[in-house]
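The values are calculated or read from the model by the stated rules, or taken from the named source; none is laboratory data. Note that the structure is a prediction, hence the values are computed from the model and not measured. Cβ placement follows ideal geometry from the backbone for every residue including glycine, while neighbour counts extend to all protein chains displayed.
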Amino acid sequence: MKKLHKLAAAVGALWMMGTSAQGADLYTPMPEPVPAYAGGWYFSAFGGANWLDNTSFDIGAGTVANDYDTGFVVGGAIGYDMGPAMGPFGLRLEAELSYRDNDVDSHSVGGAAQPLPTGSTSALAGMGNILFDFNTGSPFTIYGGGGLGVANVEFDGHGAGGTVLMNDDDTVFAWQAIAGVGFEVAPGWVLDVQYRYFNASDVSLTSTPAAGSVSSSTDYESHAVVAGFRLKF
């Protein structure tokens, strides 16, 4: 009988221990979820290679076609990250200032290359951008978007054979398309790699008096690959 009492007591103790363990499991508080990045202000800067498509302008002797060397682009922006505004997509708004510059490689008139080509073409632009971020669930973010604004396009010292043919500028409407990848290397720091297409149309130009003071227009179109960073604050 004593053995039965001891066995019953042991079974009861085991049952009480199991019940206590289950109760502890049931009432263990769940860890707080890590909040997603809610957005905020940031500063960004970028720089890289710029490829300018051929341009042209008219002079008294005909139309001058301009070919360019690889140039550069630099820029910066102040932006506001609105966070995950549309499900997996985040939304960013930016005010951007950028500068592009390419040296002339060659001038030609009627297909004939001109001697001693000189000059450069640049664009100083102020843009308002909208960008959409796709959350990959990792430190990498894929994004794309574009912007609208104005650009001052300058044809500086375009000439041949020691004679300056074009030295003029114009401020026109501009737009751009942007595609990029960001990688968050530390809290608040993002490295960016981007492709940028930039367009400023109908740039009005007048050649120098030595070239006949002829008016014409051309388009500024460039492609750039850049790297940069974003600093959230």
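Of note:
- The stretch 60-90, subset modelled with pLDDT under 95 and not small (G, A, S), residue surrounded by the most Cβ atoms within 10 Å (Cβ to Cβ): D81
- Qualifying residue in the stretch 129-145 (condition: of a type in the set (V, I, T), assigned to a strand (DSSP E or B) and modelled with pLDDT under 95): yes
- The numbered conditions (1) farther than 14 Å from D81 by Cα; (2) surrounded by 16 or more Cβ atoms within 10 Å (Cβ to Cβ); (3) of a type in the set (A, V, I, L, M, F, W, C); (4) under 15 Å from the mean Cα position of the chain (by Cα) are all true for L124 except (4).
- The one condition from (1) assigned to a strand (DSSP E or B); (2) in contact (Cβ under 8 Å) with a residue 40 or more places away in the chain; (3) within 24 Å of G157 (Cα to Cα) that S122 does not meet is (2).
- Residue within the stretch 215-230 that is over 24 Å from G76 (Cβ atoms), of a type outside the set (D, E, K, R), more than 28 Å from the chain's Cα centre (by Cα) and buried (at least 18 other Cβ atoms within 10 Å of the Cβ) present: no
- Among the residues of the stretch 26-59, those identified as modelled with pLDDT of 95 or more and not in a strand (DSSP E or B) are D53, N54.
- Only one entry in I142, I78, I130, I59 is in contact (Cβ under 8 Å) with a residue 24 or more places away in the chain and in contact with a helix residue (DSSP H, G or I) (Cβ under 9 Å, 6 or more places away or on another chain), namely I59.
- G188 falls short on exactly one of the conditions (1) within 27 Å of E154 (Cβ to Cβ); (2) among the small types (G, A, S); (3) modelled with pLDDT under 95, and that condition is (1).
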